[in-house]
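Q: Take this structure first; my questions come after.
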Amino acid sequence: MFDSGFGGLTVARALIDLLPGEDLVYVGDTGRYPYGPRSLAAVADYAQEIVAYLLRAHDVKLVVVACNTAAAALGDLTAVAPVPVIGVIEPGVRSLVAATRNHRVGVIGTVGTIASGAYQRAVARGGPSGGAGTTGGVELTCAACPGFVEFVERGETDGDQVHVLAERLLAPVRDAGVDTLLLGCTHYPFLARTISDVMGRDVVLVSSADETAFAVRAALAGAPSEVGATATPVLARPGRHRFLSSGDVGRFVQLGRRLLGPELDQAQAVAWD
């Protein structure tokens, strides 16, 4: 799996918890972080380069694109990769549309993700047929939340400043009366308590990290856990976890360990041609 930086570690955490017997290789492309300001063509090139590396160097059987920006290029990756490729957008949207009761849903994400229209298109594809003025049968409200990522990476997830920022940025989705809100950035689960306080306890928060882990489990169901092996419900050994960074490895370990947990005790450098 890969992300432009650290947020995808929430997906790694969900995968490790749900599939403890699977080996995991995580690439944090921190040397080119963040992807948001870059062109979609550049991000697509990065994604293809990383997928090629994972296939060549680690012989992976499935790739998770744990980055909302890179997931916009998922179609191109799926077309060229010889293994399943799963992004974070579609699994979260399926759960979002399934969970709503009043058919008013919201998505929050980075400026780049919301501006890309990736979630808007996914909701249009993922919902049941609806009436006029709806997207995929639901009324969708999106809001960009600049600043959330920086608060998470500083470890400030529940202070007064982030709460005031959340009050302002979440106003569009709160005023729209949504009953279900998709956290469309892999950093945002760390702000779930603050977001829930602002939105109200009746609003269901959907984590793309958890839903992506469920999608991976479904994709692997019935498939051998190791090449040439017979599929078994539980592997005899715990999975091995390897973390790589294309940027400052020391910072990656320091911040990544705080976001992921004790599994991230070391990381290795990876360089691109």
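What follows is calculated from the coordinates using simple rules that are stated; it is not laboratory data. Every value quoted in this text rests on a predicted model; they were computed, and no experiment measured them. Here the Cβ positions follow ideal geometry from the backbone for every residue, glycine too, while neighbour counts run over all protein chains shown.
Q: Looking at the square roots a ≥ b ≥ c of the eigenvalues of the Cα gyration tensor of the stretch 90-208, which shape do they give, rounded for a/c under 1.5, prolate if a/b is larger than b/c, or oblate?
A: prolate
Q: Please give me the summed charge of the neighbours of G106: other residues whose Cβ is under 12 Å from its Cβ, Lys and Arg +1, Asp and Glu -1.
A: Computed value for this residue: -1.
Q: In sequence order, what are the phi-derived ³J(HN,Hα) couplings for the stretch 5-15 according to the Karplus relation 6.51 cos²θ - 1.76 cosθ + 1.60 with θ = phi - 60°, rounded to whole Hz, with x for glycine and proline?
A: Along the stretch 5-15, the couplings run x, 10, x, x, 5, 5, 5, 4, 4, 5, 5 Hz.
Q: Another question, then. What is the magnitude of the charge dipole of the chain about its Cα centre, with +1 placed on the Cβ of each Lys and Arg, -1 on the Cβ of each Asp and Glu, and no other charges, expressed in debye to the nearest 20?
A: Computed charge dipole of the chain: roughly 280 debye.
Q: Positive end of the charge dipole of the stretch 30-100 (Lys, Arg +1 and Asp, Glu -1 on Cβ, about the Cα centre): tell me which of A41, V63, G31 has its Cα farthest that way.
A: Toward the positive end, the furthest listed residue is G31.
Q: Right, another one. Between rounded, prolate and oblate, where does the chain land on the alpha carbon gyration tensor, with a ≥ b ≥ c its root eigenvalues, rounded for a/c under 1.5, else prolate if a/b exceeds b/c?
A: Judged from the Cα gyration tensor, the chain comes out prolate (a/c at least 1.5, a/b above b/c).
Q: Helix 208-220 sits at what angle to the longest principal axis of the chain, using alpha carbons and giving 0 to 90 degrees rounded to 10?
A: 50
Q: Let me ask another. Show me 51-61, 113-123 ranked by packing, highest mean number of other Cβ atoms within 10 Å first.
A: 113-123, 51-61
Q: If you don't mind, there's one more thing I want to ask. Using the count of nearby Cβ atoms within 10 Å as a rough guide to exposure, how do D3, D29 rank from fewest to most?
A: Exposure proxy ranking, most exposed first: D29, D3.
Q: Using the Cβ atoms and a cut-off under 14 Å, what net charge is assigned to the surroundings of T69, where Lys and Arg are +1 and Asp and Glu are -1?
A: Result for the local shell: -2.
Q: Given a cut-off of under 8 Å on Cα pairs at least six residues apart, what relative contact order in percent is computed for the chain?
A: Over the chain, the number comes to 27 percent.
Q: Give me the distance in nm between label points sitting 7 Å out from Cα along the Cα-to-Cβ direction at L62 and E167, one decimal.
A: Using points 7 Å along Cα→Cβ, the separation is 4.3 nm.
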